[in-house]
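**Q** Pasting a structure below so you can have a look.
The values are calculated or read from the model by the stated rules, or taken from the named source; none is laboratory data. These figures come from a predicted structure and were not determined experimentally. FYI the Cβ positions are ideal-geometry reconstructions off the backbone, even for glycines, and counts take in every protein chain you see.
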Amino acid sequence: MAATEANLRRELIARALEMNRLGVNQGTSGNLSARVPGAMLITPTATPYDELRPAMIARMKLDGGDAWTGPLKPSSEWRFHRDIYLARDDAGAIVHAHSIYATALSMLREDLRATHYMIAAFGGPTVRCTDYAPYGTPELSSLAVEGLRDRTGVLLGSHGMIVTGANLAQALWRAVELETLCKQTWIATRAGPPAILPDDEIARIVERFRGYGAAATEAPVAKKRTPGSVRQKK
Ligand code: 13P
């Protein structure tokens, strides 16, 4: 096994544990993957993250259908992970989580709008919310790929979120930011209709963010943080 792949296997476990510690996921719902040449490494299905060992991470070729190598079945959501890598050269890692506020908003089936400028972290003035499709299905995968068009985050209707990143650190950073944005939006909408920032302002922030994510690409596995506290320099 190449050194980088061995490192990625260890990092996948560390990030999975970090994801739950940060409060953006709970239990065994949610899954993470990372791209390696021609293939992806992905967390196994229904396995508590604290029981994971590097050899238990599944490996699937991107052109290998549903075949995998590893002692455990890959995540039931392997299909959308694979299809996103096939559709998006910019995706080096993917995080799927059932975080509380993103999942709650996904039940409303409305696209997230620019209630806060941090929506620019996902590439534009909206984060789409897809229709519902059952987990693990080709239908869900198509909805996910389409929902992510020109974006790095999407809400899956009545299900949860998917975020992509150049690497695992950046994907997890986006997961925390999307959950935080959903929480803020949820709280604001309880008090009244929030102001929506104009598209041209979000376009400017998207430009300013180019390079902002670079800090996240270097970010070490965090110790203990709470959602919204993963910070980088702007
Ligand atoms: P896995 O345990 O198979 O990864 O699935 C959890 C999940 O989030 C399904 O949407």
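**Q** Could you tell me which numbered condition Asn20 fails, if it satisfies all but one of (1) within 13 Å of the ligand (Cβ to nearest atom); (2) at pLDDT below 95; (3) more than 18 Å from Arg174 (Cβ to Cβ)?
**A** Failed condition: (3).
**Q** Right, here's the next one. Any idea which residue in the range 45-79 is farthest from the ligand (Cβ to nearest atom), counting only those that are of a type in the set (A, V, I, L, M) and touching a helix residue (DSSP H, G or I) at 6+ places or on another chain (Cβ under 7 Å)?
**A** If we take residues in the range 45-79 being of a type in the set (A, V, I, L, M) and touching a helix residue (DSSP H, G or I) at 6+ places or on another chain (Cβ under 7 Å), then Leu62 is farthest from the ligand (Cβ to nearest atom).
**Q** Inspect the range 82-89 for any residue being touching a Ser or Thr at 6+ places or on another chain (Cβ under 7 Å), within 16 Å of the ligand (Cβ to nearest atom) and of a type in the set (Asp, Glu) and give the result as yes or no.
**A** Yes, the conditions are met somewhere in the range 82-89.
**Q** I'd like the full set of residues that are buried (at least 19 other Cβ atoms within 10 Å of the Cβ), of a type in the set (A, V, I, L, M) and part of a helix (DSSP H, G or I), limited to the range 148-199.
**A** Scanning the range 148-199 gives Leu168, Ala169, Ala171, Leu172, Ala175, Val176, Leu178, Leu181.
**Q** Can you say whether Ile42 is touching a His at 6+ places or on another chain (Cβ under 8 Å) and either on the phi < 0 side of the Ramachandran plot or more than 10 Å from the ligand (Cβ to nearest atom) (or both), as far as the supplied structure shows?
**A** When the stated conditions are applied, Ile42 passes them.
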